[in-house]
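Below: one structure, written as structure tokens.
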Amino acid sequence: MTTGKHLIAAMVVLLVALNISRAEDPLLEITPEARRIHNAGMLFDGHNDLPWQISKLAGGSLDRIDITQRQPELHTDLPKLKESGLKAQFWSVYVSADTLDTQDSLLRTLEQISLVQQMVKQFPDHFEMAATAADVERIAASGKIASMMGVEGGHSIEGSLQTLQRFYDLGVRYMTLTHNRSLDWATSCTDEDSGKGLSPFGEEIVREMNRMGMLVDLSHVSVQTMHDALRVTAAPVIFSHSSARAICDHSRNVPDEILRKLPENGGVVLINFMSGFVVPTEELKANEKARGTWKTVVDHIEHVIKTAGIDHVGLGSDYDGVTTLPVGLEDVTTYPRITQELLNRSYTESEIHQILGGNVLRVLKQAERVAEILRSKDADKE
Ligand SMILES: [Zn+2]
């Protein structure tokens with residue numbers, strides 16, 4: 001009897017202690033103010049690999065993986081999206097650069113594009129394809145997720161400007177110039193030492209993208225390719241899913257010399273959440289399994305703000321494209337923690353809205369305007 005009482009007393013103490021630690025754990029708390037700011041903003045993520053996961057796990061068939069149910073192996077499914085506050089998404093239509101060897105880059109990319117179109121068609125209450133920035137605003141206001149596509153790697157066009165145009169016509173609104181393998185017209189970050197960047201044809205591709213209003217994405221490319229693209233482009237660029245190299249010295253991240261060029265270009269770095277791209281270099285050296293937390297990701301946001309300015313940062317989570325994520329950012333339901341942390345660090349509501357997606361939307365609008373101007377100049381020449 002006495003032992004029982006002691007046991008109960010011990011359990012009460014334990015429960016109280018648990019409760020206290022829970023109340024003090026900012027992970028578990030999103031204040032009503034942060035929730036309101038989060039939901040009032042335009043959360044527009046630059047990179048999500050759900051289509052790739054559906055290909056990998058279910059052979060590209062939405063009948064074989066039910067995204068209307070919570071799928072533990074996915075960072076993204078419909079129930080989780082409902083909690084995310086996500087308003088717009090660039091879905092990645094990625095195929096491996098190894099398709100250069102099998103010579104089916106275009107075919108496989110078209111399959112991924114079809115998969116995104118199918119997903120949007122199958123869940124019309126959740127998604128709608130957006131062709132323009134105005135579409136994004138209209139669709140987001142209707143409570144659905146405005147969906148655009150990004151081709152992750154110039155290998156997908158198989159060296160053809162006509163294919164680039166075809167991708168645009170199918171709804172692709174950015175192209176990452178390379179993935180992790182260099183092309184004959186652009187070098188990748190895996191080839192940093194070559195000193196080479198864009199070839200004359202690579203420059204032509206950038207100009208053609210400007211004319212179409214397709215965003216030039218500089219994630220995955222070498223620093224020289226970044227410099228060359230910034231020299232050639234008439235429109236603001238994006239880094240669809242890259243973080244700050246000054247904090248985490250990885251070739252996939254953006255160095256300060258490039259961040260400092262962004263105010264002139266107008267472009268935006270959309271911060272990648274992956275642990276290996278955000279945990280500070282020294283910490284990773286000491287423990288390669290270090291994951292970082294949601295605060296680590298906000299450190300990257302702040303670094304871009306300090307180096308380039310508040311107009312040049314956003315979010316490109318890379319959900320479903322990465323394995324290890326920081327504590328507190330495990331899937332798409334966790335975006336509100338970024339909002340909470342920005343609020344804790346005294347950012348204003350309008351600044352938070354810029355970071356969540358306002359900046360990337362502005363860049364999309366600017367690229368559309370540049371395309372109109374370039375096309376009207378072309379028309380004048382004729
Ligand atoms: Zn990537």
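The values are calculated or read from the model by the stated rules, or taken from the named source; none is laboratory data. In this text the structure is predicted, and so the values were computed from the model without any measurement. When we count neighbours, we look across all protein chains shown, and the Cβ atoms used for this are built from the backbone with ideal geometry, even at glycine.
Data table
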read-out: Count - residues of the range 195-254 that are within 16 Å of the ligand (Cβ to nearest atom), part of a loop (DSSP other than H, G, I, E, B) and charged (D, E, K, R); value: 2
read-out: Contacts under 9 angstrom Cβ, first residue in the range 367-382 being more than 15 Å from residue 207 (Cβ to Cβ), partner part of a helix (DSSP H, G or I), 6 or more apart; value: 368/133; 368/134
read-out: Given (1) in a helix (DSSP H, G or I); (2) out of contact with any helix residue (DSSP H, G or I) (no Cβ under 6 Å at 6 or more places or on another chain); (3) not acidic (Asp, Glu), index of the condition residue 335 fails; value: (2)
read-out: Of all residues in the range 194-251 being charged (D, E, K, R) and within 18 Å of the chain's Cα centre (by Cα), the one that is nearest to residue 365 (Cα to Cα); value: 217
read-out: Candidate set from the range 75-97 (those that are within 16 Å of the ligand (Cβ to nearest atom) and without any contact (Cβ under 8 Å) to a residue 60 or more places away in the chain); member that is farthest from residue 157 (Cα to Cα); value: 89
read-out: Residue in the range 129-139 that is within 24 Å of residue 79 (Cβ to Cβ), within 16 Å of the ligand (Cβ to nearest atom) and modelled with pLDDT of 95 or more present; value: no
read-out: Residue list for the range 262-279, restricted to those being away from the ligand (no atom under 16 Å from the Cβ) and buried (at least 17 other Cβ atoms within 10 Å of the Cβ); value: 262, 265, 266, 267, 268, 279
read-out: Within the range 149-190, considering residues that are within 16 Å of the ligand (Cβ to nearest atom) and assigned to a helix (DSSP H, G or I), the one surrounded by the most Cβ atoms within 10 Å (Cβ to Cβ); value: 156
read-out: Every residue from the range 153-180 that is over 17 Å from residue 240 (Cα atoms) and of a type in the set (Lys, Arg); value: 166
read-out: Selection from the range 309-321 of residues that are of a type outside the set (D, E, K, R), in a loop (DSSP other than H, G, I, E, B) and either surrounded by 24 or more Cβ atoms within 10 Å (Cβ to Cβ) or within 14 Å of the ligand (Cβ to nearest atom) (or both); value: 316, 317, 321
read-out: Of residues in the range 31-66 being among the charged types (D, E, K, R) and assigned to a loop (DSSP other than H, G, I, E, B), the one surrounded by the most Cβ atoms within 10 Å (Cβ to Cβ); value: 49
read-out: Close pairs from the range 277-296: first within 13 Å of residue 250 (Cα to Cα), partner in a helix (DSSP H, G or I), Cβ under 7 Å, at least 6 apart; value: 278/296; 278/297; 278/300; 279/296
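Here is a yes/no grid of residues against (1) under 14 Å from residue 42 (Cα atoms); (2) under 18 Å from the mean Cα position of the chain (by Cα):
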| site | (1), (2) |
| --- | --- |
| 300 | no, yes |
| 303 | no, yes |
| 329 | no, yes |
| 337 | no, yes |
| 348 | no, no |
| 354 | yes, yes |
| 362 | yes, yes |
| 373 | no, no |
